[in-house]
Amino acid sequence: MTTTGYALLGLLALRPWTTYELAQQVRRSLSWFWPRTERKLYDEPKRLVAAGFATAREEFTGKRKRTVYEITDAGRAALRAWLGEPSAPPSMENEAMVRVFFADGGDVASLQVTLAAMADGARVRLAELEAMEGGEYPFPERRHITRLAMRLQQRQEQTMIDWATWASAEVARWDATTSPG
């Protein structure tokens, strides 16, 4: 099973969800450190049911049918076992850093725009995290766990701001991206 599957099992361990609710919760919480396409999130619950890790039941909200997924005992056991295994090393995807890495194919002005956007984006994300931290927790009994994850993300965003500010000052002294002068 994939890490995404285990992540959804973790959410299902909190309460039953529809796929739409799962996707919303992933967007709100896990996407900070485990971004996945919505399509994957809509397919994975069916795989969990096929593996016996979740059940699916249909409900109606007015005339609209929806499927609600719930973790099984086998799903809880699989989640518990997975949590005890070593993790894969972290990986990070950052298009802006690809642009920085190949900046010698462009000019100083373009590199400065990229660095400014990196810092601005990190400031926006940091403000979102701080607002979330001061807001209501949908699962208050898990606040201590949420704060652990949130603190790392906050520090990463602050590090991005600090690095982009430093890099921008360095680049400001360059004659060109092909030669610092």
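Listing for the model above:
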| quantity | calculated |
| --- | --- |
| Length gained when the stretch A88-M1 is fully extended (0.36 nm per residue, less Cα-Cα span) | 29.9 nm |
| Heavy-atom surface of the chain, accessible at 1.4 Å and reported per residue (Å²) | 65 Å² |
| Around L14: net Lys/Arg minus Asp/Glu count, Cβ-Cβ under 10 Å | +1 |
| With at most 12 other Cβ atoms within 10 Å, longest stretch of the chain clear of loop GluC sites (Glu not before Pro) (DSSP) | 1-92 |
| Exposure rule at most 13 other beta-carbon atoms within 10 Å, DSSP loop trypsin sites (Lys or Arg not before Pro): the chain longest free segment | 64-172 |
| Accessible surface ranking that places the most exposed of V108, V49, V98 first, with a 1.4 angstrom probe | V98, V49, V108 |
| For segment 95-171: Kirkwood Rh in Å [reciprocal of mean 1/r, alpha carbons] | 13.9 Å |
| Where labels lie 7 Å past Cα in the beta-carbon direction, separation of R57 and E133 in nm | 4.0 nm |
| Cα lying deepest toward the dipole's positive end in the chain, options P45, M132, A109, charges on Cβ | P45 |
| For T18, distant residues with modelled amide H under 5 Å away | Y69 |
| Alpha carbon centroid spacing (whole Å) that separates segment 124-181 from segment 21-41 | 20 Å |
| Kirkwood Rh (inverse of mean 1/r, distinct Cα pairs), the chain, angstrom | 19.2 Å |
| Carbon/sulfur fraction of accessible area - segment 86-181, other protein chains in place, 1.4 Å, % | 59 percent |
| F60 - accessible surface, heavy atoms, 1.4 Å probe, Å² rounded to 10 | 140 Å² |
| Contact order normalised by residue count of segment 95-171, Cα under 8 Å, 6+ apart, percent | 44 percent |
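The values are calculated or read from the model by the stated rules, or taken from the named source; none is laboratory data. Every value quoted in this text rests on a predicted model; they were computed, and no experiment measured them. Every residue, glycine as well, gets a Cβ built from its backbone with ideal geometry; the counts of neighbours run over all protein chains shown. The area values use the complete protein model at the heavy-atom level, side chains included, leaving out ligands, DNA and RNA. Shrake-Rupley method; radii C 1.70, N 1.55, O 1.52, S 1.80 Å.
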